[in-house]
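The values are calculated or read from the model by the stated rules, or taken from the named source; none is laboratory data. Since the structure is predicted, the reported quantities are computational estimates derived from the model, not experimental observations. So basically every Cβ, Gly included, is an ideal-geometry build from the backbone, and we count neighbours across all protein chains shown.
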Amino acid sequence: DVGCGYGVIGLILTYFGQCQTADLVDINPRALDLTLQNAKNLSLKNIEVYYSDGFSNVHKNYDRIVMNPPIRAGKKVIYKMFEDAFDHLLEGKELWIVIKKDLGALSAQKKLLEIFSNVHVVLKHKGYWVLQAIK
């Protein structure tokens, strides 16, 4: 979970068994403290947290990467996160993104199509889109 904030996406996926383990990444130390506290509250032990600006301190490749991109950081930052996610995915594996339609879902989808060979809108609900991009 890149830009995990307090860990909602990565921790929920792990809690409900969608991930055996999870690496949660954020540049904000307070967010990582909250992630660890939330993991403890959920009795999750199979997580790692990384203090990192995007993937700068992450040296692994993954089956799945998830993110709710930091819209206020700007497109340049977000698009770099998409490109770096591609580089950190194993072949045939997936990037999942949650993004509000009115905060750039269409432009995010367009950018993802430039990077990934296969991009789908999996869900649209109450102004949020879930995008899946396959390497």
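Below are the figures for this structure:
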{"quantity": "Yes/no for LEU103 being without any contact (Cβ under 8 Å) to a residue 60 or more places away in the chain and closer than 19 Å to ALA133 by Cβ", "calculated": "yes"}
{"quantity": "Residue satisfying all of: in the range 85-100; among the charged types (D, E, K, R) and within 18 Å of GLY10 (Cα to Cα); surrounded by the most Cβ atoms within 10 Å (Cβ to Cβ) among these", "calculated": "GLU94"}
{"quantity": "Matching residues, the range 12-35, being more than 18 Å from PRO70 (Cβ to Cβ) and either touching a residue at least 24 places away in the same chain (Cβ under 8 Å) or in contact with a Lys or Arg (Cβ under 9 Å, 6 or more places away or on another chain) (or both)", "calculated": "LEU13, THR14, TYR15, GLN18, CYS19, GLN20, THR21, ALA22"}
{"quantity": "Qualifying positions in the range 57-111 - at pLDDT below 95 and in contact with a His (Cβ under 6 Å, 6 or more places away or on another chain)", "calculated": "none"}
{"quantity": "Condition check for PHE86: more than 19 Å from GLY7 (Cα to Cα), touching a residue at least 40 places away in the same chain (Cβ under 8 Å) and in contact with a helix residue (DSSP H, G or I) (Cβ under 8 Å, 6 or more places away or on another chain)", "calculated": "yes"}
